[in-house]
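Here the structure comes first, spelled out in structure tokens, and everything after it is commentary.
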Amino acid sequence: MADYLPATTESLALALEANSAAESISILQRVLADPSSSPDNLRIKEQAITNLSDLLRQENKAEDLRTLLTQLRPYFSSIPKAKTAKIVRSIIDTVAKIPNTTELQISLCKEMVQWTRTEKRTFLRQRVEARLAALLMETKEYTEALSLLAGLIKEVRRLDDKLLLVDIELLESKLHFSLRNLPKAKAALTAARTAANAIYVPPAQQGTIDLQSGILHAEEKDYKTAYSYFFEAFEAFNALEDPRAVYSMKYMLLCKVMVNQADDVAGIISSKAGLQYLGPDLDAMKAIADAYSKRSLKLFEASLENFKPQLEEDPIVHRHLSSLYDTLLEQNLCRLIEPFSRVEIAHIAELIELPVEHVERKLSQMILDKKFAGTLDQGAGCLIIFNDPKTDAIYEATLDTISNVAKVVDSLFVRSAKIMA
């Protein structure tokens, strides 16, 4: 039996009719081994590569896909560079669909970057490097990702490839945001928007820009503007049936809670758009909105516990909910201590249904932040609240008078100096 099968439609049909995936994979690999390089054969081989990639993905054979890319290098020299780029990116995308392959993807991208440098395939190298930077960001290798992007941005700007530049600038913005460098994140996003305004941007990419804009505005506590950006992103992703639509909706609801409009959350969820995305993410935000409306810390903590993956493990939501929880806790404590001049910390903890240590630590912080006047008597386990010292208005008026007299004296001194001269 020959080591290869001729690259014909009959061979492809034979692979489709095979009894098992392993047999289909074997047939397609033999088709790709056909040494012929006629236009028809090359077209059939391209179809065989697509079929083989799909089969290997279904079988979760990520390493075999990596080997396939290496084996196809002689074939790539027979086809146009644009088609090579399409196939390489398609196989890398296929590997990404297999779970737990991030390290393999990074290794694969690094191999392809080396190969594209050797073969002088600049167009493909730039896109693979952008993909590599995104993977490095996923694995929290921020420094390496930024150094890779720094050189890539200069190169792409020189070539004026605006579509790729939008992708790279957007990625740079996300990296700086992950490093908590907000000014640079905003600068990179502005650069991405500027590049995007000069060209047609696909709806998915425009949605990504809007989503990142919303995240940055929310970080600056400008929740109304953030809401409008999240809404734009939601509309774009919803039209494309992109799974990121649910995250946009979740962040929209978060903004409503943060601007003290938690009552609107139920209405948005029950709208036509919201009903499409009912699930744990929206349930989590509804629970938070209910807890906030009732000013209940107990319900708030229960929501954080019940929806941990949706709230605690989402860094954007978690960051804002932390400040919301602090605000809610302070409001509750101020309301509880208002009738007292001296009260046991344990009693406050019992009323607010939180651990004594937690309450004591928060009261101490509030006193230092001058949220109220008081002191902690830790020996007796009591909080002593002082009456707000009323400033006597006469002191301020006296200081204003002295200031005005000083101005008059200075003016008279200047005038007398002129007369004497």
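Descriptive notes on the structure:
- log₁₀ of I(q)/I(0) at q = 0.18, 0.19, 0.20 Å⁻¹ - the range 217-360, Debye sum with one point per alpha carbon: -1.00, -1.09, -1.18
- Selection among Asn387, Leu328, Gln105 by position relative to the dipole of the chain gives Gln105 as farthest towards the positive end (Cβ unit charges, Cα centre).
- Dipole magnitude of the range 156-263 about its Cα centre (Cβ charges: Lys, Arg +1; Asp, Glu -1), debye to nearest 20: 360 debye
- With all protein chains kept in place, the per residue accessible area of the chain amounts to 55 square angstrom at a probe of 1.4 angstrom.
- Radius of gyration, Dmax [the chain; alpha carbons; angstrom]: 31.9, 122
- By average C-beta atoms within 10 angstrom, highest first, the peptides 150-163, 286-299: 286-299, 150-163
- The range 77-122: GluC sites (Glu not before Pro) in DSSP loop, at most 10 other beta carbons within 10 Å: none
- Binning all Cα-Cα separations of the range 156-269 at 5 Å, short to long from zero, yields these whole-percent fractions: 2, 13, 21, 21, 20, 11, 7, 3, 1, 0, 0.
- The share of accessible area on the range 146-205 that comes from carbon and sulfur is 58 percent, using a 1.4 angstrom probe.
- For the range 14-73 and the range 301-317, distance of Cα centres in Å: 44 Å
- Global form of the range 33-172, assessed from the alpha-carbon gyration tensor, a/c cut-off 1.5: oblate
- Rg/Rh, computed from the Cα trace of the range 345-420 with Rh as the Kirkwood radius, has the value 1.49.
- Size of charge dipole - the chain - debye, nearest 20, with Cβ of Lys, Arg +1 and Asp, Glu -1, no other charges: 1620 debye
- Surface/4 of the Cα convex hull for the range 316-389, nm²: 5.1 nm²
The values are calculated or read from the model by the stated rules, or taken from the named source; none is laboratory data. All values derive from a computational prediction rather than experimental measurement. FYI the Cβ positions are ideal-geometry reconstructions off the backbone, even for glycines, and counts take in every protein chain you see. These accessible areas exclude ligands, DNA and RNA; they are computed on the full protein's heavy atoms, side chains included. Shrake-Rupley method; radii C 1.70, N 1.55, O 1.52, S 1.80 Å.
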